[in-house]
1. Once phi is turned into ³J(HN,Hα) by the Karplus curve 6.51 cos²θ - 1.76 cosθ + 1.60 with θ = phi - 60°, what whole-Hz value does each residue of segment 194-210 show in order, with x for glycine and proline?
2. Can you work out ³J(HN,Hα) from phi for every residue in segment 60-65, in order, using Karplus 6.51 cos²θ - 1.76 cosθ + 1.60 and θ = phi - 60°, giving whole Hz and x for Gly and Pro?
3. In whole Å, what three semi-axes, largest first, describe the equivalent ellipsoid of segment 199-314 built from its Cα gyration tensor (square root of 5 times each eigenvalue)?
4. Show me, for segment 107-118, the HN-Hα J-couplings you get by feeding each phi into the Karplus relation (A = 6.51, B = -1.76, C = 1.60, θ = phi - 60°), rounded to Hz, glycine and proline as x.
5. Determine the per residue accessible area of segment 110-249 with all protein chains present and a 1.4 angstrom probe, expressed in square angstrom.
6. Normalise the Debye intensity by I(0) for segment 97-246, one equal point scatterer per Cα, no solvent, then take log10 at q = 0.16, 0.17 Å⁻¹ and round to two decimals.
7. With charges set only on the Cβ (+1 for Lys and Arg, -1 for Asp and Glu), what does the dipole of segment 162-314 come to about its Cα centre, in debye to the nearest 20?
8. Modelled label-to-label distance, residue 299 and residue 134, 7 Å Cα→beta-carbon offset: nm?
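The values are calculated or read from the model by the stated rules, or taken from the named source; none is laboratory data. Model, not experiment: these values are computed from the prediction. Here Cβ is always computed from backbone atoms with ideal geometry, including for glycine, and neighbour counts include all displayed protein chains. Surface accessibility is based on the protein's heavy atoms, side chains included, excluding ligands, DNA and RNA. Shrake-Rupley method; radii C 1.70, N 1.55, O 1.52, S 1.80 Å.
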Amino acid sequence: MISVGRKTIGGAVRIILLAAASLLYQSCFTGIESTPKITASDVKKENIVERPEDSYLADVSNEALGKWEKGKRFYVTDDRISIIFGASASDVEPLKGTVLRYDSAEDVLSITGEPVAELIFLTEKGDQLRYRTDKSLAELSSQATVQIPFTIEMSMVDAVRQKMSNKDYYVLTTMWYDANDQSLTGRKFIPVHVEEILPGNSVYPIKVVLSTEGKKKFALFMTTGNNRKAPRSFGSLFSFEDPHKRYPAISDETWRNIIEGKVALDMTRDECRLSLGAPATVTHRNNNNYLYELWNYENGVYLVFQDGLLKSYR
């Protein structure tokens, strides 16, 4: 029996993988030098510039408990909300899609004898629901916000509606949703009109119903608040102005490809990134004549650049 060390096995596996990659792309990469793969975060990106869109909905967030008034509305996103109401929801019909109204709050004694707050809500039929928290009323009142599971504060929806209703923007994402909230691939960098602002879901509290110039309707789900790194914020979804103006060197023909999420030979790396987004990995190689880059995407798409221009793709 022959004993083989882990390092030997690992080295053999790496050699096999590198050989396979070399065979796959030998039509383009025939040079003698190569560098290891790097991730998309290492790809050259544009300088990040603060845009007014990034802070447009920064002031829209959940309210502090001290600001809650009797009758404050909460949209229910999931029937599982009955779990938090315990016995008080035992005879209540499914609540998803309905609106609860805040009634009052009071301290009650927990099983350990400590005071904990109970928040009292009324259903659309007038049934009383009690949500027992794990903190006292004084502690809850000192917090910046109080989040009720499986709900969206309608005051947030109202605030977004006031800012966005009947406005025109340019959409920056192709991740659209149809009338049944099923995902579909749309177009980006095109003008859209806000038709309606609705409560969203437990992850993205705002649903924006939009229409294109062709009157096609679709929806986007959005977050709000001052966390600019939050996924699907206003700034990541919309532009106040035509994004093409930021790239005057890009021809109208190439821009049409970018809008449709397509690429064409001789597009630059920046143009391809605008069209398809950043790749999952990038491999650099060169020979005595050219510098090559291979961009791999998670969906199997790959792009091959020669001295910065697209020369082959799948």
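1. Rounded to whole hertz, the list is 7, 8, 7, 10, 10, x, x, 9, 5, 8, 10, x, 10, 10, 10, 8, 10.
2. For segment 60-65, the Karplus curve yields 9, 8, 5, 8, 5, 4 Hz.
3. Taking √(5λ) for each Cα gyration eigenvalue gives 33, 18, 13 Å.
4. 7, 10, 8, 7, 5, 8, x, 8, x, 10, 7, 10
5. Result: 53 Å² per residue.
6. Computed log10 I(q)/I(0) values: -0.91, -0.98.
7. 320
8. My value for the distance between the label points is 4.1 nm.
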